[in-house]
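Values quoted throughout were computed directly from the atomic coordinates according to the rules given, and no laboratory measurement underlies them. Only a predicted model underlies this, so the values are computations on that prediction, with no experimental measurement involved. Note: ideal-geometry Cβ built from the backbone for every residue, glycine included; neighbour counts use all protein chains shown.
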Amino acid sequence: MASLNVYSILVFLFLTCGAVMATKENNQIIKENNCETKMGLPCVLEAFTSIFNTGSISNKCCGKLVVLGKVCHSALVKRTLENPPFKDLNPATIIAKSIQTWNNFLALIDLPSPSA
């Protein structure tokens, strides 16, 4: 339960304080594409945990992330990496994990539904 609170705080920082620290380019992409309002907090937490820590994401949130779009996904990840709590992370590793996560989401969405 404590880890959920930590992730809630980190996501809050990601969504609010990140705008101050992010590059103009990422902020512009996020603003123009209305990226921050396309997913609810529970799905943001799942995606965040799956990319920046070890965790999984539900099919429901996977679908929401794909609807969010790759441009938003990439800009939000890059902006998060610019925040002080994440400065020590290896950007190449996180971006690679982000791309892998994105590709996994697309694969899940493309799978045919099991017939009843």
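Would you mind counting up the charge near Thr93? Only other residues with Cβ under 15 Å from its Cβ, with Lys and Arg at +1 and Asp and Glu at -1. Walk me through the numbers on the way to the answer.
Working: positive: Lys78, Lys87, Lys97; negative: Asp88.
Computed value for this residue: +2.
In plain terms, the residue of Ser74, Ser58, Ser98 with the fewest other Cβ atoms within 10 Å comes first and the most crowded comes last, giving Ser58, Ser74, Ser98.
Model label sites at Asn33 and Asn83, defined 7 Å from Cα along the beta-carbon direction, differ in position by 1.8 nm. Under the simplified labelling scheme, the Asn103-Ser56 pair shows an inter-label distance of 2.1 nm, with each label point 7 Å from Cα along Cα→Cβ.
What are the trypsin sites (Lys or Arg not before Pro) within the stretch 25-116 that DSSP puts in a loop, where the Cβ has at most 16 other Cβ atoms within 10 Å? Let's see the in-between values first.
Working: sites: Lys31, Lys38, Lys60, Lys64, Lys70, Lys78, Arg79, Lys87, Lys97; in loops: Lys38, Lys87.
Filter output for the stretch 25-116: Lys38, Lys87.
Calculated on the Cα set of the stretch 37-83, radius of gyration then Dmax: 10.0, 28 Å.
Can you tally the net charge around Glu32? Count Lys and Arg as +1, Asp and Glu as -1, for every other residue whose Cβ sits under 14 Å from the Cβ of Glu32. Working shown, then result.
On the way: positive: Lys24, Lys31, Lys38, Arg79; negative: Glu25, Glu36.
Net of charged neighbours comes to +2.
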